[in-house]
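J.: A single structure is presented below for examination.
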Amino acid sequence: MDGKVPFFLTTVLTLLFSGCASDLISSARPPRTLLGGEYETYQPPREVRDVPSDMPEPAEPNGVITLPQALSLAMMHNPELAAFSWEIRSAEARALQAGLWPNPEVGAAIENVGGTDEVSGLDGPATTVQLGQLIELSDKRTKRHRVALLQGALAGWDYEAKRLDVLRQVAQAYIELLAAQRGVELASDLVRLSEQTYTTVAERVEAGKDPPVEKTKAQVDLANAGIELKKAVRRLEAARKELSATWGGKQPGFGKADGDIEEVDPVPEEDALVALLPQNPAIARWETELEQRRAAVDLEKARAVPDPTVSGGYRRFNDTGDSALVFSLAIPLPITNRNQGAIQESKFNLSKAYKQSQAAEAATYAAFAGAYETLSAAYAEVMDIRNVVLPGAQSAFEATRQGYQEGKFDFLTVLDSQRTFFDARLRYLDALASYQKAKVAVESLIGQDLDTAKNALQTKTRQGE
C-alpha cells in the first residue's frame, strides 16, 4: 500500500494545479485621441526590482525651444503623467492576481496520541497526510478576473485624460511664454519711445519753448516705463520656469521660445465641434465604468454561492502498519451571511455610476461651452483691435508727436496718445493670448486640433454635396 502514496499525491496535485496558471494580463489602453498622438510617452517596465525605478532625467534644451520640443519633453518626462503610467502597470498586476486559482492546502495529523490500553504510547496513533483544494463555484474566478481587467481599462482611460490635460498645460504655458516675450518687447519699445520723448521735451525746455515742469513729467513717464519693463522681465522668467516645470525641469536651460502668437484663424461652427465631444476620455470612459460596475454586481452575486473544500489524503495506522485513503468535503452554510450587503452595495454603486456619467458629460459640455465662448470672443476682439483700434491709435500717436514738435499740442496730449497706443498694443497681446489658450482648451476637449477638425468638416461637406 505504501507504494501507492507517491502515485496518489502526484495524481491529486496534477488535478489541482492543472489550469491554475494565469497568463500575464496586459491591460489594453483605450484608443488614443488624435491630439498629440505623434509624441512618444513614458512606458514603465513590466517588472521592477525591490528598489523604486527612477525615470530618466530630462535633457534640458538650450537655445531656442519650439512647441513640439516642449510637448515631446513633457510627454516623456512629466511626473504626473508617469504616475498614471505606473497605475496602469499596477492594474495589470491586479488583473494577474485576480485570475489565479486559490492555492491548495496540505495538512498532517497524528490521531489517538496518549490514549489508553491498545492505543497508548506511539503504537496507537494514526498518521494522516491530506491535500485540500477550495473549489470556486459560480465561475467566481472568471468574474473576478473580468472586474480586474475592466479596472485596468479604466486606468487606461484615466491615463488618456491626463495625457490630454498635460498637452493642454504645456501648450498654454508655451503661449504664456510667447506672450511674456512679446510683453518684454512692448515694454522695451515703450522705454525707447519714452527716452526719445524725454529728449525732445528736454530740448524744448532748454530752448524756452516749454516750462520746466514738462521735463519733470517726461522724466516720471520714463521712470514708469522702466518699472514696467522690469515687471515684464520678471513675468518672462516666471513663464520660462512654468514651462520647464511641465517636464519636471528645475531650472530652464532654453533662452527663447519660437512661435507666432499672432497666427489666428476663424472659429469653426460650434455644433460641428460639439459632435466630437463624445470621444473625450471624461465621457468615453463611462461606458467602461458602467460595464465594470455591472461586472462587480455579477461577482458579488457569485460570491453568495458557498465554495466547498475537497480534500483527499493517506492515513497510516501505526499499530498495525495498515494504510488507507481518506476523503472529505466541507461546505460553508450560508445561514446568516449570504453576501447580501455586498450585493446591495454593488447595485448602489452601479446606480451611482449612471448619475456620475451624466454629471461628467454635463461638466464636459459646460467646459466646452465656456472655452468655445472665450475662443469666439477673443477672436472677435483680436480682429477688431487688429483692424480698427491699433491703426487708429498708432495714427493718432504719430500725428500727436509730430504736432507736439511743431508746437500744436502740449505734452499731456502726447502722453495721453502714447498711453492709448501702448494700451491698445497690450490689449491686443492679451486678446491674442486669450484666443490661443482658449483654442488649446477646445482642442483638448474634442481630442484633436482645430485644423484637423476643420479639414474633416470640409471633407464631410464636400462628400455631402
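J.: Between (1) 21.6, 65; (2) 22.5, 82; (3) 37.3, 138, which entry matches Rg and Dmax of the Cα atoms in Å as derived from the coordinates of this structure?
T.: From the options (1) 21.6, 65; (2) 22.5, 82; (3) 37.3, 138, the structure gives (3).
J.: I would also like to ask the following. What are the lysines whose alpha-carbon lies under 16 Å from the alpha-carbon of Lys217, with same-chain residues fewer than 8 places away excluded?
T.: Lys209
J.: Okay, next question. Taking the 0 to 90 degree range and rounding to the nearest ten, how far is the long axis of helix 140-206 tilted relative to the main principal axis of the chain, both from C-alpha atoms?
T.: On a 0 to 90 degree scale, this one is about 20.
J.: In degrees, nearest 10, range 0 to 90: what is the angle between the Cα axis of helix 79-98 and the longest Cα principal axis of the chain?
T.: 20 degrees
J.: At 1.4 Å probe size, with the rest of the protein present, what percent of the exposed accessible area of the chain is carbon and sulfur atoms?
T.: 55 percent
J.: Of Ile261, Gly249, Ile227, which is farthest towards the positive pole of the range 218-358's charge dipole, taken about the Cα centre with +1 and -1 on the beta-carbons of Lys, Arg and Asp, Glu respectively?
T.: My answer, from the dipole projection, is Gly249.
J.: Per residue, how much accessible area does the chain have with a 1.4 Å probe, in Å²?
T.: Per-residue value: 54 Å².
J.: Could you pull out every one of the lysines with an alpha carbon less than 28 Å from that of Lys256, ignoring same-chain neighbours closer than 8 positions?
T.: Lys162, Lys230, Lys231, Lys241, Lys437, Lys439
J.: Long-range amide H contacts for Ala257: which residues qualify at under 5 Å (H placed 1.01 Å from N, peptide plane, sequence gap of 5 or more or a different chain)?
T.: Sorted by chain and number, the residues that satisfy this are Ile65.
J.: Can you compute 3J(HN,Hα) from phi for each residue in the range 371-384, using the Karplus curve 6.51 cos²θ - 1.76 cosθ + 1.60 with θ = phi - 60°, rounded to whole Hz and x for Gly and Pro?
T.: In residue order, the calculated couplings are 5, 5, 4, 4, 4, 5, 5, 5, 4, 5, 5, 4, 5, 5 Hz.
J.: Provide the gained length on full extension for the span Thr142 to Ser351, in nm with one decimal, where the gain is 0.36 nm per separating residue minus the Cα-Cα distance.
T.: Contour length minus the Cα-Cα distance gives 72.9 nm.
J.: Place +1 on the Cβ of every Lys and Arg and -1 on the Cβ of every Asp and Glu in the chain, take the dipole about the Cα centre, and give the residue among Ser85, Pro44, Leu445 whose Cα lies farthest towards its positive end.
T.: The listed residue farthest towards the positive side: Leu445.
J.: Using helices alone, I'd like the mean residue ellipticity at 222 nm for the chain: each DSSP H run of four-plus residues gives -39500 (n - 2.57), total over residue count, nearest 500.
T.: -22000 deg cm²/dmol
J.: Pop the C-beta distance of Ala109 and Gln340 into the FRET formula with R0 = 25 Å and round what comes out to the nearest 0.05.
T.: Result of the calculation: an efficiency of 0.10.
J.: Further question: Using only the alpha-carbon atoms, how far is helix 281-303 inclined from the longest principal axis of the chain? Give it as 0 to 90 degrees, nearest 10.
T.: 20 degrees
The values are calculated or read from the model by the stated rules, or taken from the named source; none is laboratory data. Keep in mind that what you see is a predicted model, and the values were worked out from it rather than measured. Positions of Cβ are generated from backbone atoms using ideal geometry, with glycine treated the same way; all protein chains shown enter the neighbour counts. Each accessible area value is taken on the protein alone, full model and side chains, heavy atoms only, with ligands, DNA and RNA left out. Shrake-Rupley method; radii C 1.70, N 1.55, O 1.52, S 1.80 Å.
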